[in-house]
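Below is one structure, written out as structure tokens, with a few remarks after it.
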Ligand SMILES: [Zn+2]
């Protein structure tokens, strides 16, 4: 039998501190209430989205998700257009916007695709109480539901009137079409026309507390190829033969490993091959080689990535790599090619200002004050393409675990908090 509750000093103090934190204005409280009222409906919406396969290469599936979302944005007063991306062999992007007279021009960035193609055994949404598993559940169909939930609450509160908001949902975030200059052309154009960009990739935490990304590292690829003189192996190191392509490849990779390291930088070698013939296919990240143990190898190749905190760091490290590549062992030559990729998103004053405005919302809602997330712990994203032009922040999506692997999950219990946070953040930005 429960004992009678007597207010103690502790509960009294708790009450005071809760009051001090929670200071929503009546319209803000109304928006928060509208969000909370849609909790169950939003789980249903998420289930419908997750059960619709939209692996990046499943273009009809991605378009089905766009067709499903489009009327929902139109109901909220947005005008939508679908931008086909056939020229880069991808489904395309859904862009919904509304123009108004006041507040910041806000760009909301998300993606409709997932890493789970129709061939994956992981296809369905399965709820287990306060969490659920499903392909793309937290990365990032949960984020799509947060966007819709926040806009819906603002609409009900009459707070969408007069606002400038564009929702840009790419169809190929997980495996962007190439060239990126085409695949991200329209996103960049919308970024240039905005004052603030908010990305809805999975929410992040530091030591159990909600965090936000206001800087992200770049992600580029490089492909290294070396050549040597083919000959009988007994002649290796000789004046007329030299060291062969594989020793040259090994020399370069060893120098990368030992000479380039610095704070904020990583560079991985993902694949390597060498022999009498060797080649690398960028589209499938496959290296193939054939040779004989008694033949000096004529060709070798390796491919990897490079991630930096600033573009200056990227250029400087590229120059250093280039210089290492150019020093050849006897009888060999080498070349490195840097491919287009995601630019870095440095921590700018504008990004910090956005985070402090978001933290004002967090204080009012009694949620964690979000610290900037360490950029070395997360990958690049679509936000990076617009970050050079507009104040940018990420970390407003769904909380979950195991993104990109079968069993990926979403913490449903956090969806309402996150949606309130986004709704009130948008409310402040668009006043
Ligand atoms: Zn994602």
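The values are calculated or read from the model by the stated rules, or taken from the named source; none is laboratory data. These figures come from a predicted structure and were not determined experimentally. Here Cβ is always computed from backbone atoms with ideal geometry, including for glycine, and neighbour counts include all displayed protein chains.
The sole residue among 42, 53 that is touching a residue at least 60 places away in the same chain (Cβ under 8 Å), surrounded by 20 or more Cβ atoms within 10 Å (Cβ to Cβ), assigned to a helix (DSSP H, G or I) and touching a helix residue (DSSP H, G or I) at 6+ places or on another chain (Cβ under 8 Å) is 42.
Among the residues making up the stretch 286-328, those that are part of a helix (DSSP H, G or I) and within 23 Å of the chain's Cα centre (by Cα) are 311, 312, 313, 314, 315.
Can you spot a residue in the stretch 120-141 that is more than 16 Å from the ligand (Cβ to nearest atom) and over 26 Å from residue 411 (Cβ atoms)? Within the stretch 120-141, not a single residue is more than 16 Å from the ligand (Cβ to nearest atom) and over 26 Å from residue 411 (Cβ atoms). Within the span defined as the stretch 237-253, one or more residues are outside the structural domain of residue 383 (by TED's automatic domain parsing), on the phi < 0 side of the Ramachandran plot and touching a helix residue (DSSP H, G or I) at 6+ places or on another chain (Cβ under 7 Å). Tallying residues that are at pLDDT 95 or above and touching a strand residue (DSSP E or B) at 6+ places or on another chain (Cβ under 8 Å) within the stretch 316-344 yields 14. Residue count for the stretch 60-88 under the criterion of being within 20 Å of the chain's Cα centre (by Cα) and closer than 24 Å to residue 181 by Cβ: the result is 4.
Entry remark, the stretch 142-174: residues being in contact with a strand residue (DSSP E or B) (Cβ under 8 Å, 6 or more places away or on another chain) and either within 19 Å of residue 64 (Cα to Cα) or surrounded by 23 or more Cβ atoms within 10 Å (Cβ to Cβ) (or both) number 15 in total.
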